[in-house]
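The structure under discussion appears below in the form of structure tokens.
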Amino acid sequence: MKDHMYYANHPLMYLACAIGIILVLVQTTIILKKTLGCTKELGMDEDKIKKGIKTSALSSIGPAMGVVGSILALIVTLGGPVTALRMSVIGGTNYETMAANFGAKALGSELSTNMDPVVFANALWTPALGVMGWLIFVFLFGHKMHKVNNLLTGGRKALLPAVSVGAMLGAFAYFNVDNLIKVKVSPAVTVSGIVGFIIMIFCQKFGEKKLPWLKQWSLTFSMFGGAIVAVLVV
């Protein structure tokens, strides 16, 4: 039996993973098309829409760069094709590594650069099955989310932006509060969160008065700035 990396980098593995990546691109295109259609129904200003798209694209740089180091660890254990697929499907290296390791441990092994092919296969099934639920949900019900929006806003479309902003603030608050309470266990994480918060406020306030483009880069600067200061100080 060959080493697991033979199968991890096999042409058939590239083909199988390419199908999954294409599916993600198709879903993204459909959702983006419907989103732009909704902006016309709501009568939103086109300049603000373009600014929002640009800001979203720039804000994604920070989170994307944050997983680069973890991606290298996944490549040497799961191979390039699987890593590209998993990052396209969910993009969370912490989940991928943890789930794959659970699969390997189920067969009495560990996630490593030299695994039995059967252990490798089990390590792949675990993260795949773990995300299957929400992928199926998006595929079947993503085009009907306007009904959910109507339910949340009581049919008043003007409330939709407020509901969306509230959901984002809740998500960020959840993750940051979790970082703040780790002050004794992992002070670097807490310092990173606090410094990132300060940098975010600075970018927003200074961007309003002096440099408008600074607001668009605020998430990226706050993530990297918080991490750098935490490493240097703690």
Hits in the range 1-19 - residues which are over 25 Å from the mean Cα position of the chain (by Cα) and closer than 17 Å to residue 116 by Cβ: 1, 2, 3, 4, 5, 6, 7, 10
Take residue 22 and tell me if it is at pLDDT 85 or above and within 30 Å of residue 147 (Cβ to Cβ). yes
Which one is modelled with the lowest pLDDT, of the residues in the range 126-137 that are loosely packed, with under 14 Cβ neighbours inside 10 Å and hydrophobic (A, V, I, L, M, F, W, C)? 134
Considering the range 47-76 alone, what residues qualify as being under 30 Å from residue 111 (Cα atoms) and of a type in the set (A, V, I, L, M)? 61, 64, 65, 67, 68, 71, 72, 73, 74, 75, 76
Is it the case, given these coordinates, that residue 166 is outside the structural domain of residue 87 (by TED's automatic domain parsing) and under 27 Å from residue 43 (Cα atoms)? yes
Sole miss for residue 111 among (1) of a type in the set (A, V, I, L, M, F, W, C); (2) in contact (Cβ under 8 Å) with a residue 40 or more places away in the chain; (3) assigned to a loop (DSSP other than H, G, I, E, B) is condition (2)
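The values are calculated or read from the model by the stated rules, or taken from the named source; none is laboratory data. If you're wondering where the values come from, they're calculated on a predicted model, not measured in any experiment. Heads up, the Cβs are rebuilt from the backbone with ideal geometry, glycines too, and the neighbour counts pull from every protein chain shown.
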